[in-house]
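Engineer: Would you mind keeping the following structure in view while I ask a few things?
The values are calculated or read from the model by the stated rules, or taken from the named source; none is laboratory data. Small disclaimer: the values here were computed from a predicted structure and weren't measured. Note: ideal-geometry Cβ built from the backbone for every residue, glycine included; neighbour counts use all protein chains shown.
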Amino acid sequence: MTEELERILTRVQKPARYTGGEYNQIVKDLRDVDLRVAFCFPDTYEIGMSNLGLQILYGAINEEPGIWCERCFAPWGDMEEELRRAKLPLYALESGDPVGEFDALAFSLGYEMAYTSVLNMLDLAGLPVKSADRPGLTPLVFAGGTSCINPEPMADFIDLFVLGEGEELDLEVLRLLRRAKSEGWDKAGFLRAAADIPGVYVPSLYEPEYNPDGTMRAFRPKDGAPERVRKRIIEDLDSAYYPTHAIVPSTEIVHDRVVLEVMRGCVRGCRFCQAGFAYRPVRRHSTEFLLKAAREALESSGYEEITLSSLSTSDFKGLPELADGLLEWCEPRKISLSLPSLRADNFSMGLMERVQRVRKTGLTFAPEAGSQRLRDVINKNVTEEDLLNSCRVAFEGGWNTLKLYFMLGLPTETDEDVAAIAELAEKVLRTWREYSTNKARGVRITVSTSMFVPKPHTPFQWEEQVGIEEYLRRVRLLKDSIKSRSITYNWHEPHVSLIEAVLSRGDRRTGGVIERVWRDGGKLDSWSDYFSFERWMAAIEAAGLDAGFYANRVRGDDEIFPWDVIDIGVTKGYLARERRAAYQGVITPDCRAKCMGCGANSLLQRSGCDE
Amino acid sequence: MNRIRFKKEGRAKFISHLDLMRTMQRVFIRAGVGIKHTEGFNPHPYMNFAMPLSVGTESLCELMDFELTGECLPESVPGRLNAVMPEGITVTECYDAKRKFKDIKWLDIEAILFYYDKVVDPAEISALLSGNELIMEKRTKRSSARVDVRPLIGSASASPLDAGRILLKARLACGDPALSPAQLISAIGQNAPELAPDFTSARRIEVFDMDMNLFR
């Protein structure tokens, strides 16, 4: 570490996040390395180090001899200011070397509000933000992650996208890059060859055409690039890389514990949920694998808490055996087990008691909508009875804080649906009065609402988002409907949700907005410290675009979408059928009850879904 | 009671005291070295540090007490802990704690003083710190007072290191009242602004009792 950097670190907040040197970080001898990769996370260290995807891909890439993958995070404002003032480029934590000199920068794009930070990190690395302005083969700037399901808004900045799960795909891209580097290929030649790797989308090989009304007319592949790019999955999770020796941060991060991923995908099919479609088909780890992985991860980290992770952990087959097996190991060692993402419908007394034996934390349920009618529309297959039963079990078990999450602005929502949220919360309160075993401590029920964001590759991808004023009207309506002082109501600001709606269903033209926002000082936009609605609206206007076109417009049934080029397995026809079912208020059973033919099973070569 | 002595250097100097406690807790678990937990509703490992170290200061002489519960022999502790430490923290000894931390009265420190655009004679710093008195504005959480901190300086001498850098060695009181390396540097600046360094990198070297015997 240079004296200059040391001097800077004595002045910034939480300097330990900029030093590296944590236990289990991977350092390789440069003499054995012929390809250097920076895994770039466009948010803070505390957020990025909590990301299981980062830990998995960091480990998986470093398994490859000759390739050294290091980490790089977005600096907080004070650190950025110091780096810029000292003209120090963005560096990788392990070696301290400038990432701008690496062979590849691999960005993790989990959510749209991180986009401006990608540009900011490229700039801090001393690189032009636009792909076209980086003529050399290296550094290759590529990206993957959930929000790449619609890569178009970032198409101007990213050389290639990797779609789906990256354990194998990232290495295939990096091996090709290594070959290209040693054989002296140019960037265009490499990108053309990379486009033949299944799961790779090279935006420069596609030409969007627009109709006069701004919608897409066509999306043309060039130079023999594939018509559509299919996401990649790991078919057999147990045989894939698993991060049992993950990096243990020396400073506190958001999820400071062992995160045990039990399965991928979700059998449910809630119609608003992008992850529910994006991660299909459902695949699981075996219980034996998980018990062994959990022990290794706990022993190698020294963590005293482990959490099970998946989109819907209640749906993990063998959860009771897994929970029992984990508790048998955890209890004598005073390790606590937490089970988030439990559904309200199959929240069993037994399971809760088992978890409760170690530590009792707050409970959160997400009914998403207040009325049964609207829950049927969104296919959130939780009944009021399920929810109240779960609450009863919780209150009988001594819990006294409960959070309930809802969305406002869901398709077909009426004022009655909004008022039903308040009624549901009151019923939860009555359930507490009736069944609480510990009334003296009182109860705290928190209702939270956020503004619904229609997402690509969901049945609601055609839908409009409600306007900000309308959302706020419904917030007031709900606020006035809640009478009890034991119920607290929090609502999320709608402004971020509007921008999220613009970006998530944006096209290549929205790239200009992202660049303008960044040039005007935008970064770390998921933080209220930095997000500026005015800056985004000004940039949208300056680009000659209309936020309403992207966010508040019902799309035609036959409209071509910018993200149609990406094939996630689930077909557009299936999504359209699900949308029609939503309007009819018809629920779709979960995948285990009946296969509805979403198409995702075509991604599997050897097995069926959920085996 | 068992005690370890450890170094905290390099990148690890930016780990805060709170984060160090968390890190140590995990290090013992990773090493499989069982230590006693506190009683009560929410038991946590019992660990007691001699003197919290400020972020950005290195040390060769940190001390931490705990109690071994398993069959682990004290002499095997440094090796086992070091095998699972983050970079920069090294346990040098583990032994039975015989004396209380409150017996620590003096601390030897070394500080490198950086001057970017002025030339300073180390002798002037030595002279300033070795005078009859050294009055400084000492801030506590609640108040601020002008005090003579000269009695808190056992000895101090500055010597040239290389261009723009001076090595300051000092013995500072670390009981109550105490003088931290940062306060020592502040005292220089308050009394002689022309001697104030642009940046200081400090390191704890050794701890002593009131009779200047090594504290262990």
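So that you can scan it fast, the table gives a plain yes or no per residue for (1) under 22 Å from A:Glu299 (Cα atoms); (2) β-branched (Val, Ile, Thr); (3) within 14 Å of another protein chain (Cβ to nearest Cβ); (4) in contact with a helix residue (DSSP H, G or I) (Cβ under 8 Å, 6 or more places away or on another chain):
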{"position": "A:Val12", "(1), (2), (3), (4)": "no, yes, yes, yes"}
{"position": "A:Tyr23", "(1), (2), (3), (4)": "yes, no, yes, yes"}
{"position": "A:Ile26", "(1), (2), (3), (4)": "yes, yes, yes, yes"}
{"position": "A:Arg31", "(1), (2), (3), (4)": "no, no, no, no"}
{"position": "A:Thr44", "(1), (2), (3), (4)": "no, yes, no, yes"}
{"position": "A:Ile47", "(1), (2), (3), (4)": "no, yes, no, no"}
{"position": "A:Leu57", "(1), (2), (3), (4)": "yes, no, no, yes"}
{"position": "A:Phe73", "(1), (2), (3), (4)": "no, no, no, yes"}
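Engineer: Looking at B:Gly189, is it touching a residue at least 60 places away in the same chain (Cβ under 8 Å), of a type in the set (Gly, Ala, Ser), in the same structural domain as B:Lys138 (by TED's automatic domain parsing) and in contact with a helix residue (DSSP H, G or I) (Cβ under 8 Å, 6 or more places away or on another chain)?
Structural biologist: Spelling it out, it is not the case that B:Gly189 is touching a residue at least 60 places away in the same chain (Cβ under 8 Å), of a type in the set (Gly, Ala, Ser), in the same structural domain as B:Lys138 (by TED's automatic domain parsing) and in contact with a helix residue (DSSP H, G or I) (Cβ under 8 Å, 6 or more places away or on another chain).
Engineer: Quick one: A:Arg357 ticks every box in (1) within 14 Å of chain B (Cβ to nearest Cβ); (2) at pLDDT below 85 except a single one, so which number is it?
Structural biologist: In the conditions (1) within 14 Å of chain B (Cβ to nearest Cβ); (2) at pLDDT below 85, A:Arg357 misses (1) alone.
Engineer: Any residue at all in the stretch A:99-113 that's out of contact with any strand residue (DSSP E or B) (no Cβ under 6 Å at 6 or more places or on another chain) and under 30 Å from A:Glu6 (Cα atoms)?
Structural biologist: yes
Engineer: Restricting the search to the stretch A:458-473, which residues are more than 12 Å from A:Ala551 (Cβ to Cβ) and surrounded by 22 or more Cβ atoms within 10 Å (Cβ to Cβ)?
Structural biologist: If the condition is that a residue be more than 12 Å from A:Ala551 (Cβ to Cβ) and surrounded by 22 or more Cβ atoms within 10 Å (Cβ to Cβ), then A:Thr458, A:Pro459, A:Phe460, A:Gln461 are the ones that fit.
Engineer: Does the stretch A:91-106 contain at least one residue that is under 30 Å from A:Thr307 (Cα atoms), of a type in the set (A, V, I, L, M, F, W, C), within 14 Å of another protein chain (Cβ to nearest Cβ) and outside any helix (DSSP H, G or I)?
Structural biologist: Looking through the stretch A:91-106, at least one residue is under 30 Å from A:Thr307 (Cα atoms), of a type in the set (A, V, I, L, M, F, W, C), within 14 Å of another protein chain (Cβ to nearest Cβ) and outside any helix (DSSP H, G or I).
Engineer: Of all residues being touching a Phe, Trp or Tyr at 6+ places or on another chain (Cβ under 7 Å) and within 24 Å of B:Ala178 (Cβ to Cβ) in the stretch B:33-62, which is farthest from the other protein chains (Cβ to nearest Cβ)? Just the residue, please.
Structural biologist: Filtering the stretch B:33-62 for residues that are touching a Phe, Trp or Tyr at 6+ places or on another chain (Cβ under 7 Å) and within 24 Å of B:Ala178 (Cβ to Cβ), the one farthest from the other protein chains (Cβ to nearest Cβ) comes out as B:Ala50.
Engineer: Counting only residues that are outside any loop (DSSP other than H, G, I, E, B), surrounded by fewer than 20 Cβ atoms within 10 Å (Cβ to Cβ) and of a type in the set (Gly, Ala, Ser), how many does the stretch A:476-523 have?
Structural biologist: Qualifying residue count, the stretch A:476-523: 2.
Engineer: Continuing with this model, one more query. Checking the condition within 14 Å of another protein chain (Cβ to nearest Cβ) and either buried (at least 17 other Cβ atoms within 10 Å of the Cβ) or assigned to a strand (DSSP E or B) (or both), which residue from B:Leu168, B:Leu161, B:Leu107 passes?
Structural biologist: None of the other options fit; the residue is B:Leu161.
Engineer: Out of the residues in the stretch A:1-10 that are within 8 Å of another protein chain (Cβ to nearest Cβ) and acidic (Asp, Glu), state the one that is nearest to B:Glu58 (Cα to Cα).
Structural biologist: Per the criteria, the residue is A:Glu6.
Engineer: OK, next. Cβ-Cβ distance below 8 Å, separation of 6 or more or different chains: which pairs start in the stretch B:33-50 with a residue that is touching a residue at least 60 places away in the same chain (Cβ under 8 Å) and end on one that is of a type in the set (Val, Ile, Thr)?
Structural biologist: B:Ala50/B:Ile104; B:Ala50/B:Val207
Engineer: Which numbered condition in (1) within 29 Å of A:Leu319 (Cβ to Cβ); (2) acidic (Asp, Glu); (3) in contact with a Pro (Cβ under 7 Å, 6 or more places away or on another chain) is the only one that A:Glu235 fails?
Structural biologist: Failed condition: (3).
Engineer: Where the second residue is in a loop (DSSP other than H, G, I, E, B) and the first is of a type in the set (Val, Ile, Thr) and lies in the stretch A:83-111, which pairs have Cβ atoms under 6 Å and are six or more apart or on separate chains?
Structural biologist: Going by the 6 Å Cβ cut-off, the qualifying pairs are A:Val99/A:Leu90; A:Val99/A:Ala92; A:Val99/A:Ala125.
Engineer: Filter the stretch B:1-32 down to the residues that are in contact with a Phe, Trp or Tyr (Cβ under 9 Å, 6 or more places away or on another chain), within 12 Å of chain A (Cβ to nearest Cβ) and either part of a loop (DSSP other than H, G, I, E, B) or exposed (fewer than 15 other Cβ atoms within 10 Å of the Cβ) (or both) and list them by number.
Structural biologist: B:His17, the sole residue that qualifies.
Matching residues to (1) among the hydrophobic types (A, V, I, L, M, F, W, C); (2) closer than 19 Å to A:Gly21 by Cα; (3) not assigned by TED's automatic domain parsing to the domain that holds B:Phe199:
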{"position": "B:Arg11", "(1), (2), (3)": "no, yes, yes"}
{"position": "B:Phe28", "(1), (2), (3)": "yes, yes, yes"}
{"position": "B:Gly32", "(1), (2), (3)": "no, no, yes"}
{"position": "B:Lys36", "(1), (2), (3)": "no, no, yes"}
{"position": "B:Met47", "(1), (2), (3)": "yes, no, yes"}
{"position": "B:Leu53", "(1), (2), (3)": "yes, yes, yes"}
{"position": "B:Asn82", "(1), (2), (3)": "no, yes, yes"}
{"position": "B:Met85", "(1), (2), (3)": "yes, yes, yes"}
{"position": "B:Val120", "(1), (2), (3)": "yes, no, no"}
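Engineer: Given A:Leu311, A:Leu291, which one is in a loop (DSSP other than H, G, I, E, B) and surrounded by fewer than 23 Cβ atoms within 10 Å (Cβ to Cβ)?
Structural biologist: A:Leu311
Engineer: Is it true that A:Val258 is in contact (Cβ under 8 Å) with a residue 12 or more places away in the chain, within 14 Å of chain B (Cβ to nearest Cβ), in contact with a Lys or Arg (Cβ under 7 Å, 6 or more places away or on another chain) and surrounded by 23 or more Cβ atoms within 10 Å (Cβ to Cβ)?
Structural biologist: No; evaluated as a whole, the condition is false for this residue.
Engineer: When the stretch A:370-405 is examined, which residues are found to be polar (S, T, N, Q), within 28 Å of A:Gln584 (Cβ to Cβ) and surrounded by fewer than 20 Cβ atoms within 10 Å (Cβ to Cβ)?
Structural biologist: A:Gln372, A:Asn381, A:Thr383, A:Asn389
Engineer: Could you grab me the full set of residues in the stretch A:175-194 that are surrounded by fewer than 22 Cβ atoms within 10 Å (Cβ to Cβ) and within 27 Å of the chain's Cα centre (by Cα)?
Structural biologist: Passing the criteria: only A:Arg175.
Engineer: Oh, and also: Return the residues of the stretch A:533-548 that are over 10 Å from A:Val513 (Cα atoms) and surrounded by fewer than 17 Cβ atoms within 10 Å (Cβ to Cβ); say none if nothing qualifies.
Structural biologist: Once the filter is applied, which keeps residues that are over 10 Å from A:Val513 (Cα atoms) and surrounded by fewer than 17 Cβ atoms within 10 Å (Cβ to Cβ), the stretch A:533-548 yields A:Phe533, A:Glu534, A:Asp546, A:Gly548.
Engineer: Name the residues in the stretch A:23-53 that are assigned to a loop (DSSP other than H, G, I, E, B) and either surrounded by fewer than 21 Cβ atoms within 10 Å (Cβ to Cβ) or over 25 Å from the mean Cα position of the chain (by Cα) (or both), would you?
Structural biologist: A:Asn24, A:Gln25, A:Ile26, A:Val27, A:Lys28, A:Asp29, A:Val33, A:Asp34, A:Ser50, A:Asn51
Engineer: Looking at B:Lys118 and the list (1) part of a loop (DSSP other than H, G, I, E, B); (2) within 14 Å of chain A (Cβ to nearest Cβ); (3) touching a residue at least 60 places away in the same chain (Cβ under 8 Å), which single condition is not satisfied?
Structural biologist: In the conditions (1) part of a loop (DSSP other than H, G, I, E, B); (2) within 14 Å of chain A (Cβ to nearest Cβ); (3) touching a residue at least 60 places away in the same chain (Cβ under 8 Å), B:Lys118 misses (2) alone.
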